[in-house]
């Protein structure tokens, strides 16, 4: 029985780790170290709860929910622990944003995603993971038409955020 759990977990890990890591990066504004820690926590949770998976949804949906809940808990905890004055944050950002290479553009995208509402972060990270509207609607709990509208609005918001950040 344990060997079957190991085999299942290995397959789940190989298939879903990139998705989980990308979702984590979106929630932590591109911080690779924190995203790696969060994804490790997520897979520990998946391992611990693998025996309780009932099959009411797909593994992917189940893993998305675990990922989102873990990331939201981290963001909530982190925001309580870190109350950085806005002026100090702006000075730090001005120092680090001196060059714009492709890696900086990806970093800027994750920072912009980090400024979205929590549910919008989840949706756009699923879009970046190339999820279809039906999959997104199943995880979010809204119909596919509303998902399409939300995605359009989120993309517009991201464009505005990135434009405002590059003009500063």
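Starting from the Cα of residue 145, step 7 Å toward the Cβ, then list every residue of the stretch 118-139 with an amide N under 18 Å from that point.
Zone members listed by number: 133-138.
What spacing in nm lies between the two simple spin-label points modelled at residue 166 and residue 128, each 7 Å away from Cα in the Cβ direction?
Here the modelled spin labels are 1.7 nm apart.
What's the ranking of 19-26, 123-130 by average number of surrounding C-beta atoms within 10 Å, highest first?
19-26, 123-130
Summarise the long-distance tail of P(r) for the stretch 1-84 by giving the % of C-alpha pairs beyond 22 Å.
27 percent
Counting pairs of alpha carbon atoms under 8 Å apart in space and at least six apart in sequence, what relative contact order in percent does the stretch 20-73 give?
Contact order relative to length: 47 percent.
Expected output is a single nm value to one decimal: the length gained when fully extending between residue 40 and residue 119, i.e. 0.36 nm times separation in residues minus the C-alpha distance. What is it?
Answer, rounded to one decimal: 26.2 nm.
What do you get for Rg/Rh of the stretch 111-168 when both radii come from the Cα atoms and Rh is the Kirkwood radius?
1.01
Any read-out appearing in this document is the output of simple, stated calculations on the displayed coordinates, not a laboratory observation. All of these numbers come straight from a predicted model, not from anything done at the bench. Quick reminder, even Gly has a Cβ in these numbers, built from the backbone with ideal geometry, and neighbours come from all protein chains shown.
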